[in-house]
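To start, the structure itself, in structure tokens.
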Amino acid sequence: MEPAEVEFLAEKEQITIVPNFSENKLYLISGEFGPFNPSMQTRVPLWLAINLRQRQKCHIVPPDWLNVGQNSAQLTEWLIIQDSYLPLHLNLPPVSLVQIT
């Protein structure tokens, strides 16, 4: 897969945002999102969250798997039990790169 294809697929991932505007549900081809109320969390696709953030309409809530503390704990657990499999989030690298940039 090309990097652009991976990024396209990662942008469909649902994430949590905290909007700073009021709006009823948005009816889009990819689904219904909202309602949007200030200071109330709602889940939207990553592409919509990035668009709203660029227009300063929301704050993106980082997913738990992007938390350094949780990842450090998971790494420590993995080092203790090296023979086991620890599940990681499927879109970890692409989603984290899209959110950071």
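For the reader, a short list of remarks on this structure follows.
- Scanning the range 35-44 for residues that are at pLDDT 95 or above and either in contact with a Lys or Arg (Cβ under 9 Å, 6 or more places away or on another chain) or outside any strand (DSSP E or B) (or both) returns PRO35, PHE36, ASN37, PRO38, MET40, GLN41.
- Filtering the range 45-68 to residues that are out of contact with any Asp or Glu (no Cβ under 8 Å at 6 or more places or on another chain), of a type outside the set (A, V, I, L, M) and modelled with pLDDT of 75 or more leaves ASN51, ARG53, GLN54, ARG55, GLN56, LYS57, CYS58, HIS59, PRO62, PRO63, ASP64.
- Residue tally, condition aliphatic (A, V, I, L, M) and either touching a strand residue (DSSP E or B) at 6+ places or on another chain (Cβ under 6 Å) or part of a loop (DSSP other than H, G, I, E, B) (or both), over the range 1-20: 3
The values are calculated or read from the model by the stated rules, or taken from the named source; none is laboratory data. No experiment lies behind these values; they were computed from the predicted model shown. Here the Cβ is made from the backbone with ideal geometry for all residues, glycine too, and neighbour counts use every protein chain on show.
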